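Each reported figure results from applying straightforward, stated rules to the coordinates on display, with no laboratory input. All of these numbers come straight from a predicted model, not from anything done at the bench. Using ideal geometry, Cβ is built from the backbone for each residue, glycine included, and neighbour counts are taken over all protein chains shown.
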Amino acid sequence: MKTVFLIRHAKSSWDDPNLDDHDRPLNKRGEKDGPKMAELFLEQFGEVDAIISSTAVRAKTTAGLFAAALNIEGTDRVLHTSSLYCSMSREVHDVIRSLPDAYESVALFGHNPSFTSIANQFEGQVIPNIPTCGIVQIQSNINNWADWSARKGSIQAFIYPKMFKSV
């Protein structure tokens, strides 16, 4: 059994209209939601074998908050790839299929619309939109990541900040 967590980056800032999209940081709400959702992640799901993030600043920052909560910050278990930035769902699936089989669970940090599109390829609830800092847990009955496909997995959980009044 392999598990993927699709985690959309926390809320980003649009304060500087001249800033390249790739370089946008988190805004105050993102800075508040990120650590709280990271703590909830640890409580609900436990640890992951690896964190793989888009290279966009807002995704890397969110991934860093989760890595800190999971106590893997600054290790070789936190990776960044441009394949998760402005990606089509096929590119995200390719990242997953290329994972080392030693990993049982991974958290991917990226963007919409690809993450919502991917989540809706799997059995389970229909998700109209993964909100910022939303988390979708997908389990797949496979032993090798190369066998990853929507036909072999299902959504197990979907959580997001507004579900938790204290977030």
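How many lysine pairs are close in the chain, with Cα atoms under 27 Å apart and the two 8 or more places apart or on different chains?
21
In percent, how large is the relative contact order of the chain, given Cα pairs closer than 8 Å and 6 or more residues apart?
Relative contact order here is 32 percent.
Using only Cα atoms, tell me the angle between helix 28-45 and the longest principal axis of the chain; keep it within 0 to 90° and round to the nearest 10.
30 degrees
Classify the chain as rounded, prolate or oblate from the Cα gyration tensor: take a ≥ b ≥ c as the square roots of its eigenvalues, call it rounded if a/c is under 1.5, otherwise prolate when a/b beats b/c and oblate if not.
Rounded, since a/c falls under 1.5.
Out of the DSSP beta bridges found with both residues in the chain, what percent are antiparallel (nearest 5)?
Counting only bridges with both partners in the chain, antiparallel ones make up about 45 percent.
List every residue whose amide H lies under 5 Å from the amide H of Ser12, counting only residues 5 or more places away in sequence or on a different chain, with H placed 1.01 Å from N in the peptide plane.
Asn27
I need Trp145, Trp14 ordered by Cβ neighbour count within 10 Å, fewest first.
Trp14, Trp145
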